[in-house]
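To keep things clear, I will list the structure first and then write my remarks on it.
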Amino acid sequence: MSTNKLICYWLFCIGFVDLFAVSIVFPLVPQHAKELGASPSLIGLFGSIYGAIQLFSSPIIGHLGDDHGRIKILFLCLMVAAIGYGTSSLCVYSLLLLSLLRFVAGIFKHTQDLCRNCLADYSSVGEKTKSVSQFNALSNIGFIIGPSISGLVSKWLGLASAVSLCFLLCGILFILNGAIVWFVIWPLSEQSTTEKGVTTKKAEDKEKSLWDKMKGIDWKVHQGLFISRFLFALAVLLYRSSFILGVNQLYADLTSADVGYLVSYNGFLGFVFGIIIGWVSVHQIYAGNEEKLQAGKLLGFSSSMISVARSAAPLVAGIAQEFSFSAPALISLSLSVVALYVYYHKVFMQPRPKPHLHSD
């Protein structure tokens, strides 16, 4: 097996463990905050902290990865995030401290995006899109398992103790991922022939500022894609942000374990559609022409658009739930319809430019 393939397989493992670690905490925090007396809008505000910080930190982390190597920055992000999650296990009775610790996660929790970018670097030509799709699907397996486990833990230990234990476990798993990067992926990357090409590319791009890279995007061509992607992301994240509190409000007799099973079901759907996207990416109409699915310099700004949606969604969902349980779902449905309209008219119906290779 080639060095590059080994790197990709280990990146798959990191993606799985990463999302599993986060998913054991994600379903419990809103329920715990509600028990501490937080209103839906306040819980939404706390949730928005993460996305708001990621909006500004995502381009910076991406730029550091370009300049200093994505493997090195991935290791840094994993270790600092581990400290943030581990410390959170000691602060479960203070909403203020938990919200402040979200700053640490917001700044450094870019591990999924960094892994995807590393896969794009080390996957063979014609396999990049397939590798990223498989990575997304495998990561979603972690999201299937994690909520069910955290739900059972909360049933056995109580909600507060479960939140503390799950934060601690999350930090330990991030340290484990950091060890994989340090002892396995980093040495392998130094042996890889791809690393030389990546280093050369970084040297060529070093003079380009982040702003210069953003100006290189043809906004007249891609504005429809960005707008529709933002609206779709906002619709999904808004529904997801309101799901746990909404279910608890509508079905008061549900336990934390039951809620965990429902969240795991959502993860299962994500896994299935990730597999489907991987199949589509190798279909005849896309084979050998990955330009139709991704263009390198658009990915970073696309992640920033999702961060905007991630920042806005929890707050919008929380405020909407103050008025009605069904309000977030109705807003999400409306945004989805608008996103489909924008995509159809601004992307699907537009003439296709001839594909060409980008230097970046």
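Probing with 1.4 Å while keeping every protein chain in the model, the per residue accessible area of the range 1-130 equals 40 Å².
Using the average count of surrounding beta-carbon atoms within 10 Å as a protection proxy, the listed peptides 41-53, 247-259 rank, highest first, as 41-53, 247-259.
Normalised by residue count, the range 122-183 yields a Cα convex hull volume of 78 Å³ per residue. The range 42-193 gives an Rg/Rh value of 1.00, both radii derived from C-alpha positions and Rh following Kirkwood. Counting protein heavy atoms only, the range 113-200 has 67 percent of its accessible area on carbon and sulfur, 1.4 angstrom probe. For each pair in 109/130; 34/155; 72/130; 109/220; 5/72; 72/128, compute the distance between the two Cα atoms and list the pairs where it is over 27 Å. Result: 109/220 exceed 27 Å. Within the full protein context, the accessible area of residue 345 is estimated at about 80 Å² for a probe radius of 1.4 Å. Accessible surface of the range 48-100, 1.4 Å probe: 78 percent of it comes from carbon and sulfur atoms.
The values are calculated or read from the model by the stated rules, or taken from the named source; none is laboratory data. Note that the coordinates shown come from a computational prediction; the quantities given were computed from them, not determined experimentally. In this analysis, Cβ positions are derived from the backbone assuming ideal geometry, glycine residues included, and neighbour counts consider all displayed protein chains. Just so you know, the surface numbers come from the protein's heavy atoms only, side chains and all, with ligands and any DNA or RNA stripped out. Shrake-Rupley method; radii C 1.70, N 1.55, O 1.52, S 1.80 Å.
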